1. Restricting to the range B:71-83, name every residue that is in contact (Cβ under 8 Å) with a residue 24 or more places away in the chain and facing chain A (nearest Cβ under 7 Å).
2. Return yes when B:Leu93 is open to solvent by less than 30 Å² (accessible area, probe 1.4 Å) and either more than 13 Å from every other protein chain (Cβ to nearest Cβ) or under 17 Å from A:Met173 (Cβ atoms) (or both) and no when it is not.
3. Kindly evaluate B:Ser40 against the criterion of being touching a strand residue (DSSP E or B) at 6+ places or on another chain (Cβ under 8 Å), modelled with pLDDT of 95 or more, more than 8 Å from every other protein chain (Cβ to nearest Cβ) and under 18 Å from B:Phe13 (Cβ atoms).
4. Go over the candidates A:Leu44, A:Leu19, A:Leu50, A:Leu40 one by one and state the one that is in contact (Cβ under 8 Å) with a residue 24 or more places away in the chain and surrounded by fewer than 22 Cβ atoms within 10 Å (Cβ to Cβ).
5. Filter the range B:131-146 down to the residues that are open to solvent by less than 10 Å² (accessible area, probe 1.4 Å) and either within 11 Å of another protein chain (Cβ to nearest Cβ) or among the β-branched types (Val, Ile, Thr) (or both) and list them by number.
6. Could you please find all residues in the range B:107-119 being under 25 Å from B:Asp177 (Cβ atoms) and either at the interface with chain A (Cβ under 8 Å from one of its Cβ atoms) or open to solvent by 10 Å² or more (accessible area, probe 1.4 Å) (or both)?
7. Residues in the range A:260-289 that are at pLDDT below 85 and aliphatic (A, V, I, L, M): how many?
8. Being among the β-branched types (Val, Ile, Thr) and surrounded by 13 or more Cβ atoms within 10 Å (Cβ to Cβ) is the filter here, so list the residues in the range A:91-126 that pass it.
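The values are calculated or read from the model by the stated rules, or taken from the named source; none is laboratory data. Every value quoted in this text rests on a predicted model; they were computed, and no experiment measured them. All Cβ positions, even for glycine, are placed from backbone atoms using ideal geometry, and neighbour counts span all protein chains on display. Ligands, DNA and RNA are stripped out before the accessible areas are found, and what is left, the full protein with its side chains, is counted by its heavy atoms. Shrake-Rupley method; radii C 1.70, N 1.55, O 1.52, S 1.80 Å.
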Amino acid sequence: MHNDKFISKSEIGIFIFALALPFIFDFSPYIQGLLIFVVLWVVLGTSWNLLAGYTGQVSFGHAAFFGIGAYAAGVPFFLFKVSPWWGLLFGGITAVILGYLLGIVVFRLRGPYFALGTLAAAEILRIAFGQEEWLTNGHNGILYMTTWVSKYPYYFIILAIAAGTILTVKVVMRRREGYYFLSIREDEDAASAIGINASKYKNISMGLSSFWAGMAGAFYFIYMGFIDPETVFALHNISIISILVGIIGGVGTIWGPAIGAIIMVLLQETFRSAFFGFAPQWVSGMHAFVFGLLVIFVILYLPGGVVGDWDLIRKKLHLKRKSEMKK
Amino acid sequence: MSILSLKNVTKNFGGLTAVNNVSFDVEEGEILGLIGPNGSGKTTIFNLINHFFPVSSGDIIFKGNNITHKKTHEIAMLGIGRTFQVVKPLKRLSVADNIMAAAFSRESTFEGAKRVTREVLEFTHLDHVAHQKAGGLPIAGRKRLEIAKALATRPTLLLLDETAAGLNPAELDEAIDIIRAIRSDLGITIIIVEHIMKVIMNISDRIHAIAYGTTITEGSPAEVAANPTVIEAYLGSDYH
């Protein structure tokens, strides 16, 4: 039972620190961009974690919600020159509608079949949005002059979205819905025997998860000023990374995806820039490989992720230090 | 008035008839024992009552309502709780959180669910392991957690499926006390499936015996124990 406070002091501290970050340091635009991507991945990872980590419905198609959110901001702009900022209203809602429709089909499936169903859904959308040029401008994508040159306003917006996502998880997990999500994850039959309408609560979980993924998508278009189907519906760059961020940080933990996002972006940038120019150029192609190794390591030795198995990590480090002291 | 009635209930799995034209009534406040050799269809009857499987034919009436085609979660909300022979704890949750999840079926607030959880923990003598992970409990604890989860949904009828199997004699006595208290203190009607004769003969007001999915007899524990068809079903026809 959660007897701990709803929001701890250290959590408030982390949020204030994140808010103050741009005022403390004079970051280059490159670092500013990385910060935004870290927070964007916190949103996507946390959203995936709500559905997969807490409710046990392992989605392999989170790009579907991210992409539909991005196009909810992009299509009205492309067709009618409606400001993409409306996407922050429509993005989440559109993704929820998609999630509900998708749920009718994929919630009939369990386990790996559910994963394949969601993966297929995202791929169908990727191809369809590439074909329907009248609606989406096809593979040419949709281009928009971003509102501000400075990156800081975007940083605060995505930070607000991330705070909303994490707060959603925290609120829900203390309520009936949260307990029902966990029960469904652990054993759907046992859950229905204690009166839980599993399909209803899976839909609620899907709705909350897809809302924030859609918001992240809408933000992406507003911030980047360009989207095409291959980017926003990408299997490897969106769906899979959502999963990896969750797994590395810790499935079914509040702060796991946040830690996972930081590790993922740091690792990706370190390799992509070939250790900031200090390593030979061929290293830059290695980030996916190293990330794969890291995932294997985490699954084998830290199945709870960095946050879920934090006690284990601390114990190991502690023992090591002790044995070194004895020498 | 009978709280639950099975009327000519039949269940076929392909060519196999697991439950064949079984009818019985459960009176409010009684403990009905359901016995039969392995594979005779006892657990299947439970799975039909709470609609894990649909019946092939027949009707199930609970408190005057036909619940034959209601869904599992709806049946739980109507007031039928059950435990599982192969226990189904929510493994990665603590014992208390397992009960919390069930308590939310009647309580909408966190505090309300917590209060019910405390009551149930105390009633089932699980308070000392409340914060352990359910997956790590020994079998006696997991069996009792099954009862605790079912009780937290505030049932009026409880289906107990071999909750005493695998317990040592001391645990067995504790389990019998708890089951008796469920009826006497909480006023819950019980149908109990059990292989351990010490439990079933001690606890039940009436016993319904089945073999190969068919009713063979029904009566008081003493009558059923003396019935030659029951003896034959359990021990074979050579035993005289």
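1. B:Ala76, B:Met77, B:Arg82
2. Here the answer is yes, as B:Leu93 does meet what is asked.
3. On the way: touching a strand residue (DSSP E or B) at 6+ places or on another chain (Cβ under 8 Å): yes; modelled with pLDDT of 95 or more: no; more than 8 Å from every other protein chain (Cβ to nearest Cβ): yes; under 18 Å from B:Phe13 (Cβ atoms): yes.
No.
4. Unique residue meeting the criteria: A:Leu19.
5. The answer is B:Ala134, B:Leu145, B:Glu146.
6. Within the range B:107-119, B:Arg115, B:Thr117, B:Arg118, B:Glu119 meet the criteria.
7. Total satisfying the criteria: 5.
8. Across the range A:91-126, the qualifying residues are A:Ile93, A:Thr94, A:Val96, A:Ile97, A:Val106, A:Thr118, A:Ile124.
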